[in-house]
1. Which of the residues belonging to the range 98-124 are in a loop (DSSP other than H, G, I, E, B) and in contact (Cβ under 8 Å) with a residue 60 or more places away in the chain?
2. Do you know which residues across the range 2-15 are crowded, with 17+ Cβ neighbours inside 10 Å and assigned to a helix (DSSP H, G or I)?
3. If you go through the range 36-92, how many residues are part of a strand (DSSP E or B), of a type in the set (Ser, Thr, Tyr) and without any contact (Cβ under 8 Å) to a residue 60 or more places away in the chain?
4. Return the residues of the range 473-521 that are among the hydroxyl-bearing types (Ser, Thr, Tyr) and surrounded by fewer than 12 Cβ atoms within 10 Å (Cβ to Cβ); say none if nothing qualifies.
5. Do you know which residues across the range 348-369 are in contact with a Phe, Trp or Tyr (Cβ under 9 Å, 6 or more places away or on another chain) and surrounded by fewer than 16 Cβ atoms within 10 Å (Cβ to Cβ)?
6. Return the pairs, sorted by first residue and then second, in which the second residue is polar (S, T, N, Q), the first residue lies in the range 254-282 and is over 17 Å from ILE156 (Cβ atoms), the beta carbons are less than 7 Å apart, and the residues are 6+ apart or on different chains.
7. Name the pairs whose Cβ atoms lie under 9 Å apart, with the first residue in the range 187-200 and without any contact (Cβ under 8 Å) to a residue 12 or more places away in the chain, the second among the hydroxyl-bearing types (Ser, Thr, Tyr) and not in a helix (DSSP H, G or I), and 6 or more positions between them or separate chains?
8. Does LYS397 satisfy being surrounded by fewer than 18 Cβ atoms within 10 Å (Cβ to Cβ), touching a residue at least 24 places away in the same chain (Cβ under 8 Å) and not in a helix (DSSP H, G or I)?
Amino acid sequence: MALPTINPTTTKAWEALKSHYENIKDKHLKDLFAQNPDRASDFSVAWNDFYVDYSKNRMDQTTKKLLIDLAKEVKLDQAIQAYFGGSIINETEERAVLHTALRVPSDHNVQVDGNNVIPEVSAVKEKIKNFTNQVISGNLKGYTGKAFTDIVNIGIGGSDLGPAMITESLEYYKNHLNVHFISNVDGDHVHQNLKGLDPETTLFVVVSKTFSTQETLSNATTARNWFTKQASKDVVGKHFVAVSSNIPNVTDFGIAEENIFPLWDWVGGRFSLWSAVGLSISLSLGYENFEALLEGAHEMDEHFKNTSFEENIPVILGMLSVWYNNFFNAESEAIIPYSQYLHRLPAYLQQGIMESNGKSVDRNGNPVHYQTGTIIWGEPGTNAQHAFFQLIHQGTKLIPAEFIGFKHSLFGDQDHQDKLMANFFAQTEALMNGKTEAEVVEELTSKNLSEEKLKQLTPFKIFDGNKPTTTVLIDKLTPKSLGELVSMYEQRIFVQGIVWNIFSYDQWGVELGKQLATKILSEINNSQSYQHDSSTQNLLKQYQDK
């Protein structure tokens, strides 16, 4: 079953949304709340340990109906069936997209090319479990008989961002193993990470589907050279394992075939943390917590697959993103987790969202003439409040923001938690309400300022408000709830891509820079000179003359 190929701008719902936008664009959220006393409950979803409040968005019941109509008109329901059914929806690379299959229970049946892939997935999970338990228990040792103390994950893109984000987000649950991540081909980054490690007690996990990615292979080779300065080459296999589908390349590197954890071509890199790419997650947190992460993601998958669009969290969030991107012309979205543990989440979602939906050709092969993709950015609250919130509050740009918070802290310090969540709730209220001129004047008058000073200050202290926010309130940060949260964003990406009629699961834009870098590297290494534009030519000369 192929994905539908409907240009959204040709639908009746799109035209209706254009007209509706003209009617609602200047309405203030305060007025929308005043008109509907039940607005908070009408525009919220309670599911599992999640409470999603999207009532502080610039929409009404008509907006919601028309957005759902658009989702139906572009046949999102048919696309969801194709997605979960193992159809080749990554058409340009001729692959299914089934990271969701990595987290289903072992008794399920998911077909790819007529074969149930779940037994194979379950076998890899069992291998991850056994290896994890052997390393954590100390039964699997290094070449001198010492137990491992440090794990170094070497990968880039999804082979780094996903595992790094999860292990840092769930640091509260980590065991005695120290986990490090090497990604950038920057040599200073590599050597800084290796500094202070003991070759006798360090285990390297090299993650590359093809085992040919330049950055990963360069970093892995540097790590191997560092290791063999103390140990002989014949014990490399005791300290290096690989996650890859290229067995010949891995064994040539010196890693035994039994220490290769396989990948499948239906798992895209930026959605691969659920696979053996998550080996470093399992080693850091223990397999039980890795399994709980998968379980949470699966539960959100089931919610997305089976819930009506009107109550479907990823559908609602995806359609709101379309609403702001294509009708309000908002180019970016801020993601603000009120948990320092989630400080890497915005960066992780930058890759997931911007690499997936940063496309300008539709599924028919035609250039698109409407906006796709959104720019994703953010930092944890409350730090963000003392940084870029000024732009959101009083700047000239409309920036929808998503606030993620937890009812319960992990260490149980209620004083800190209350202060954190007071800010969490206050910011969305402030962004919605703003501060009127009358309120500013009253506030300044109470300070006994002169009339001249009051008039001077008043314009600078007015906040228009009407800034849209969505609040995701979760009971507690656990492996399971984090799995639910990440899956929520993955499915939101899918919704957006279907509406925009683009292929979300290829990334040809990544390849061009790689090709040119290979060519330029040969110039640098061989002192050759190819034809470039004058800027690149001069920059290369500056570098080579150093």
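1. LEU98, VAL104, PRO105, VAL117
2. PRO8, ALA13, TRP14
3. So the count comes out to 1.
4. Within the range 473-521, just THR518 meets the criteria.
5. If the condition is that a residue be in contact with a Phe, Trp or Tyr (Cβ under 9 Å, 6 or more places away or on another chain) and surrounded by fewer than 16 Cβ atoms within 10 Å (Cβ to Cβ), then VAL361 is the only one that fits.
6. What qualifies is GLU257/THR251; ILE260/SER244; PRO262/SER245; SER282/THR132.
7. Note: pairs meeting the criteria are HIS189/SER183.
8. In short, yes.
Read the figures in this text as sums done on the coordinates, not as results from a lab. Because the structure is a prediction, the values reported are computed rather than measured. Heads up, the Cβs are rebuilt from the backbone with ideal geometry, glycines too, and the neighbour counts pull from every protein chain shown.
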